[in-house]
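Input: a single structure, listed below in structure tokens.
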Amino acid sequence: MATRQGTTKEAIVEAAIELFYAKGYKGTTIRDIASEANINPANISYYFKGKQGLLEECLIRFFEPYLKCLEEEIGKLDKDQADHCLKRAIKRVLVFQSEHKLLARFVWREISIDSQTSREIISSYLMKERFFLKNLIHGTLKEQKMAFPISMLIIQLKGILMMPYVNSLYVSEVWGMGPHEPYFIDKYHSVICKWLESWSGSQTFVKPIESAASIGY
């Protein structure tokens, strides 16, 4: 029986996230995960059909709620201003990544490796992400004359959202705080909004939005 809280399946996932983050997917073995979760290695095959199935589970647990942050704000575009929806989506993504920092760091790092395994799993998720970001940004900037295409803004915004969780040590060195801290989320969100304002020329981006504590996570 697993000694971690929750079921054996949850214990396996928690152990996998910690080890995938610390040792990388390729550097982690089934025996490592079983030992960390205090379970029989056969349980991993039973629940996940092996290490790749466990990787798929971790990626799903990251991308499903991550994309929900964007999709739910897309659904509000007909009722609220697009810039408000975009600001909330960015804040929600930052809060979600902060609350699941090991998972976020592992997932973004795994994507950067561009392995065949991860590419097959995440391709549809990345297509959805691009679609959601494009609609949020286009709705906000459609009245503005842009010097660069929206596709470039999508790429840059994606990099900005990933960066604190890919390079958390560098962020701590520069700002003196970690990306898991609520104050970091508020400050970083404010900087992103000012950056977006520099693209659009609209002051609506720099108006205050809910603090990280009140965003709903």
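The values are calculated or read from the model by the stated rules, or taken from the named source; none is laboratory data. All values reported here derive from a predicted model rather than from experimental measurement. Here the Cβ is made from the backbone with ideal geometry for all residues, glycine too, and neighbour counts use every protein chain on show. Accessible surface is based on the protein model in full, side chains and every heavy atom, while ligands, DNA and RNA are left aside. Shrake-Rupley method; radii C 1.70, N 1.55, O 1.52, S 1.80 Å.
Return a yes/no flag: does the stretch 164-174 have any residue that is modelled with pLDDT of 55 or more, among the acidic types (Asp, Glu), open to solvent by 70 Å² or more (accessible area, probe 1.4 Å) and out of contact with any Gly (no Cβ under 8 Å at 6 or more places or on another chain). Checked the stretch 164-174: at least one residue is modelled with pLDDT of 55 or more, among the acidic types (Asp, Glu), open to solvent by 70 Å² or more (accessible area, probe 1.4 Å) and out of contact with any Gly (no Cβ under 8 Å at 6 or more places or on another chain).
Might you let me know whether the stretch 120-129 holds any residue that is in contact with a helix residue (DSSP H, G or I) (Cβ under 6 Å, 6 or more places away or on another chain), without any contact (Cβ under 8 Å) to a residue 40 or more places away in the chain and hydroxyl-bearing (Ser, Thr, Tyr)? No, every residue in the stretch 120-129 fails to be in contact with a helix residue (DSSP H, G or I) (Cβ under 6 Å, 6 or more places away or on another chain), without any contact (Cβ under 8 Å) to a residue 40 or more places away in the chain and hydroxyl-bearing (Ser, Thr, Tyr).
Hand me the list of helices (runs of 4 or more DSSP H) wholly inside the stretch 41-154 holding 2 or more residues that are open to solvent by less than 10 Å² (accessible area, probe 1.4 Å). Ranges flagged: 51-74, 82-99, 101-113, 116-141. Residues in the stretch 155-176 that are in a loop (DSSP other than H, G, I, E, B) and over 19 Å from the mean Cα position of the chain (by Cα): 176 alone. Just so you know, in the stretch 192-210 the residues that are open to solvent by 70 Å² or more (accessible area, probe 1.4 Å) and not hydroxyl-bearing (Ser, Thr, Tyr) include one that is modelled with the highest pLDDT, and it is 194.
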